[in-house]
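Here the structure comes first, spelled out in structure tokens, and everything after it is commentary.
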Amino acid sequence: MSRSEARHFIEDAAPLLDGFHEQYSVHLDKFDGPMDLLLHLIKKNELDIYDISIAVITRQYLDYIKLMKDLNLEVAGDFLVMAATLLHIKSRQLLPLDDQEEAEDEEADPRAELVRRLLEYQQYKEAGMVIGARALLGREVFARAVTEPFLLAAQNEEGPLEVNLFELVDAFRVLLIRIPAESFHDVAPGDSLSIADCINEILSLLQEKETVQFDDLVRDELTRERIIVTFLALLELCRLKLIRIFQGNRHGSIWFVPAVTQTLSEE
Amino acid sequence: MSSTLSSIIESIIFTSDSAISTDRICDLLDEFERDEVRAALSELAEFHEARGGGFELVAVAGGWQFRTRATYQSYVTRHIKARSSKFSQSALETLAIVAYRQPITRAEIEHLRGVDCGGVLKSLLEKRVVRILGKKDIPGRPLIYGTSKEFLEIFGLKDLKSLPTLKEIQALDEVPQYERQEELPLGQTRAVPVESDLPFE
């Protein structure tokens, strides 16, 4: 739903919605968070961003949250945090500073921090619109397409073959046999490798190249711990459907490709 | 474009599946001097710019690539399906923050946006425009994020420096901002503060 559509929908429907709470669930994608809403209110009221009337803004902000609730929308906690911040600023404006505080920040405006954040947010919001307006590859401009199977074939003459879990375990066993016998008088390593770390490593590796070989993952550090952790990380990635596993041929090397290809739907 | 070297380079760029860097081209053509290759490359770029055909030679993500001109989008999409690489406003905002402020942690992004960014970040990671750079050496060791090569490729940027500066963006925006504000019909809304139309003008 576009912004203007959402706006009209709310205006038209708000008084009529009384009996429809059960039937309708509306996703209002109008404001991307409290900062966006605040900026909108400031613009709407033609306020100077450096001299915001907290009372006006807070009232309208709370009205908006109330409206969201009336429309049976889930009010994100972030909106409530901002409401609390606004009320806090207002209360600080109303209360006289005591001597100690006055000495600390004499001319400090309780709004200053909020204004700074708003300006910064506005900057990035606009930057987002500017980069979003560029001609995007795959949307406005196109390059010559090299299809995935073609690419895979070029990189791996063996031709991919989907493997099952057993073959993966088998490859893992072969790898474990290959590692040198451990010496037992080693000092325990300082920090142990976590599966989460390993997952991130694999994901970033997969971002750099389309396919990764199992051996590549463990090549530089061929220890039992490393291999086991890598293996568990791969299983976890499979479970999350983030990667697909191929094997060149029987007892051949195992390849990984990201399961999610470019044809992603919008979030 | 008379020289053969330009044609050789053109053939290399034409057949590479992603943007190919000047260095890589120089390495491939080791029988030529680097300066020669560079000169031929700029000759090639000039040729394609002057030619003004359906595609152009663009410097993108630190390399060179042939791409169709945006003008012909509507025709190209008749036979090639446009990828749904659509970015929502929140995705673009988050991407802008990552691009301008990298390396950055999720908490820092959320502080700037004032809203939870987990979902948006995940989808940006899936679209591969954002990547995990590592972990920050502070308590909790949070992940730090940055933009990827795909980000430059998709958004047609030569490098991160070719992003418009935040100052330039602000300057672009200043004039129309005031014009828009003057056009808002504020009088009526203020006179009759009906509950339903309060936050929406």
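Okay, here's what the table says:
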quantity: Wholly enclosed helices (runs of 4 or more DSSP H) of the stretch B:1-80 bearing at least 1 residues basic (Lys, Arg); calculated: B:22-28, B:34-51
quantity: Test: residue in the stretch B:45-68 that is within 13 Å of chain A (Cβ to nearest Cβ), over 16 Å from the mean Cα position of the chain (by Cα) and loosely packed, with under 15 Cβ neighbours inside 10 Å; calculated: yes
quantity: Residue match in the stretch B:139-152 (condition: in contact (Cβ under 8 Å) with a residue 40 or more places away in the chain, assigned to a loop (DSSP other than H, G, I, E, B), within 16 Å of the chain's Cα centre (by Cα) and within 30 Å of residue B:57 (Cβ to Cβ)); calculated: no
quantity: Residues of the stretch B:95-138 that turn out to be under 23 Å from residue A:137 (Cα atoms) and not in a loop (DSSP other than H, G, I, E, B), as a count; calculated: 16
quantity: Selected residue (criterion: farthest from the chain's Cα centre (by Cα)) from residues of the stretch B:13-42 that are within 18 Å of residue A:209 (Cβ to Cβ) and crowded, with 17+ Cβ neighbours inside 10 Å; calculated: B:16
quantity: Selection count where residues are facing another protein chain (nearest Cβ under 7 Å) and in contact with a Leu (Cβ under 7 Å, 6 or more places away or on another chain), scope the stretch B:100-130; calculated: 3
quantity: Cβ-Cβ under 7 Å pairs, at least 6 apart or on other chains, the stretch A:131-142 side of a type in the set (Lys, Arg), far side in a loop (DSSP other than H, G, I, E, B); calculated: A:134/B:155; A:134/B:156; A:139/B:82; A:139/B:83; A:139/B:85
quantity: Scope the stretch B:54-73; condition more than 20 Å from residue B:163 (Cβ to Cβ), modelled with pLDDT of 85 or more and not β-branched (Val, Ile, Thr); matching residues; calculated: B:54, B:55, B:56, B:57, B:66, B:69, B:72
quantity: Flag if residue B:106 is crowded, with 20+ Cβ neighbours inside 10 Å and charged (D, E, K, R); calculated: no
quantity: Some residue of the stretch B:78-98 being small (Gly, Ala, Ser) and more than 7 Å from chain A (Cβ to nearest Cβ); calculated: no
quantity: Filter pass, residue A:51 being facing chain B (nearest Cβ under 8 Å) and either modelled with pLDDT under 85 or loosely packed, with under 13 Cβ neighbours inside 10 Å (or both); calculated: no
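The values are calculated or read from the model by the stated rules, or taken from the named source; none is laboratory data. Here the structure is a predicted model, which means the values were calculated and not measured. Glycine also receives a Cβ, built like all others from the backbone with ideal geometry; neighbour counts cover every protein chain displayed.
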